[in-house]
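Below: one structure, written as structure tokens.
The values are calculated or read from the model by the stated rules, or taken from the named source; none is laboratory data. This is a predicted model, so every value here is computed, not measured. Positions of Cβ are generated from backbone atoms using ideal geometry, with glycine treated the same way; all protein chains shown enter the neighbour counts. Side chains are part of the model used for accessible areas, which takes the heavy atoms of the whole protein and leaves out ligands, DNA and RNA. Shrake-Rupley method; radii C 1.70, N 1.55, O 1.52, S 1.80 Å.
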Amino acid sequence: MQISYHGHSVVKIKSNSHTILIDPFITGNGQTDLIASEEKADFILLTHGHNDHFGDTVDLAKRNNATVIAIFELAEYVESLGINVHAMGLGGAYDFEFGRVKFTQAFHSSSYTTEDGETIYGGMPAGVLLTIEDKTIYHAGDTALFGDMKLIGERNDIDVAFLPIGDNFTMGPEDAAYAVQLLKPQIVVPIHYNTFPPIKQDPQKFKNLVDSAEVQVLNAGDLVQLKRD
Ligand code: NI
Ligand code: MN
């Protein structure tokens with residue numbers, strides 16, 4: 001399995017059989033190395049509806065005939081555009097062909113703004129736990145620090161955690177470093193920073209605050225270096 005980071009909150013997972021894109025914000029993302037018209041995906045996972053996460057979902061899904069996995073209300077909207085969806089709710093897991101997906105809580109909001117300026121309600125914002133080929137990946141989505149990250153850490157043996165550090169809209173470096181203590185992942189990758197002026201951060205500052213996990217600061221296109229076990 002290959003897990004790669006592509007700027008902002010974009011994560012790509014290539015399993016033996018499938019390609020999964022999380023929060024594929026490509027067009028307008030100055031931090032990404034991806035080209036929307038060339039990307040392939042079998043599944044697209046959305047943590048919430050905000051445009052810097054929803055991104056190129058519609059074009060990618062239509063061109064690849066991909067299935068979009070999202071929280072119920074957001075999935076309903078995507079389905080109304082003629083796209084295959086799989087709707088889920090917080091705390092529920094489902095075994096897909098590529099592995100297991102479980103949405104977790106996130107303290108944030110969730111809406112999608114159309115080109116016409118209409119605001120679509122997106123249901124609850126979420127994080128996501130993926131279990132693929134014996135690895136557990138946690139993508140926190142956009143969230144504040146919350147105490148039940150401890151519960152997520154106790155009930156899951158997280159190999160890789162993608163945590164926002166940008167501040168302003170989500171956790172900043174200090175809160176994200178505290179989140180690492182609660183989640184107890186082996187590897188942490190900081191995300192959701194430097195894309196826009198309000199979320200400018202130095203990821204090395206975050207790295208210096210963390211001593212209980214290995215922090216991998218990745219450039220767009222870099223692979224997570226998975227531990228062998
Ligand atoms: Ni957001
Ligand atoms: Mn965001």
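Search segment 157-172 for residues being surrounded by 19 or more Cβ atoms within 10 Å (Cβ to Cβ) and under 16 Å from residue 187 (Cα atoms), and hand back the single one that is farthest from ligand 2 (Cβ to nearest atom).
The residue in question is 159.
I'd like the residue in segment 42-52 that is within 13 Å of residue 69 (Cβ to Cβ) and near ligand 1 (Cβ under 10 Å from one of its atoms) and, out of all such residues, is nearest to the chain's Cα centre (by Cα).
47
Somewhere in segment 1-12, is a residue open to solvent by less than 60 Å² (accessible area, probe 1.4 Å), more than 21 Å from residue 187 (Cβ to Cβ) and within 17 Å of the chain's Cα centre (by Cα)?
No, because not a single residue in segment 1-12 is open to solvent by less than 60 Å² (accessible area, probe 1.4 Å), more than 21 Å from residue 187 (Cβ to Cβ) and within 17 Å of the chain's Cα centre (by Cα).
In the set 116, 134, 142, which member is within 12 Å of ligand 1 (Cβ to nearest atom) and among the charged types (D, E, K, R)?
Residue meeting the stated conditions: 142.
Test residue 55 against the criterion of being touching a residue at least 12 places away in the same chain (Cβ under 8 Å), within 16 Å of ligand 1 (Cβ to nearest atom), closer than 20 Å to residue 80 by Cα and among the small types (Gly, Ala, Ser), and give yes or no.
yes
If we only count strands (runs of 3 or more DSSP E) wholly inside segment 46-161, which ones have 3 or more residues that are under 29 Å from residue 30 (Cα atoms) and of a type outside the set (Asp, Glu)?
Hits in segment 46-161: 67-71, 100-105, 111-113, 119-121, 126-132, 135-139.
When you check residue 82 against the structure, is it over 17 Å from the mean Cα position of the chain (by Cα), open to solvent by 40 Å² or more (accessible area, probe 1.4 Å), within 16 Å of ligand 2 (Cβ to nearest atom) and farther than 23 Å from residue 216 by Cβ, yes or no?
Against the criterion (over 17 Å from the mean Cα position of the chain (by Cα), open to solvent by 40 Å² or more (accessible area, probe 1.4 Å), within 16 Å of ligand 2 (Cβ to nearest atom) and farther than 23 Å from residue 216 by Cβ), residue 82 does not qualify.
Filter segment 31-41 down to the residues that are charged (D, E, K, R) and either within 11 Å of ligand 1 (Cβ to nearest atom) or open to solvent by 30 Å² or more (accessible area, probe 1.4 Å) (or both) and list them by number.
Matches in segment 31-41: 33, 38, 40.
Is it the case, given these coordinates, that residue 30 is part of a loop (DSSP other than H, G, I, E, B) and within 16 Å of ligand 2 (Cβ to nearest atom)?
Yes, satisfied.
Can you report the number of residues in segment 141-159 which are touching a Ser or Thr at 6+ places or on another chain (Cβ under 8 Å), touching a residue at least 40 places away in the same chain (Cβ under 8 Å) and of a type outside the set (Asp, Glu)?
Adding up the residues that qualify gives 2.
Residue 114 fails exactly one of the following numbered conditions: (1) β-branched (Val, Ile, Thr); (2) within 16 Å of ligand 2 (Cβ to nearest atom); (3) farther than 30 Å from residue 134 by Cβ. What is the number of that condition?
Tallying (1) β-branched (Val, Ile, Thr); (2) within 16 Å of ligand 2 (Cβ to nearest atom); (3) farther than 30 Å from residue 134 by Cβ, residue 114 fails exactly one: (2).
Assess whether residue 98 counts as being hydrophobic (A, V, I, L, M, F, W, C), surrounded by fewer than 18 Cβ atoms within 10 Å (Cβ to Cβ) and in contact with a Ser or Thr (Cβ under 7 Å, 6 or more places away or on another chain).
No; evaluated as a whole, the condition is false for this residue.
Being open to solvent by less than 20 Å² (accessible area, probe 1.4 Å) and away from ligand 2 (no atom under 16 Å from the Cβ) is the filter here, so list the residues in segment 53-79 that pass it.
60, 61, 66, 68, 69, 75, 78
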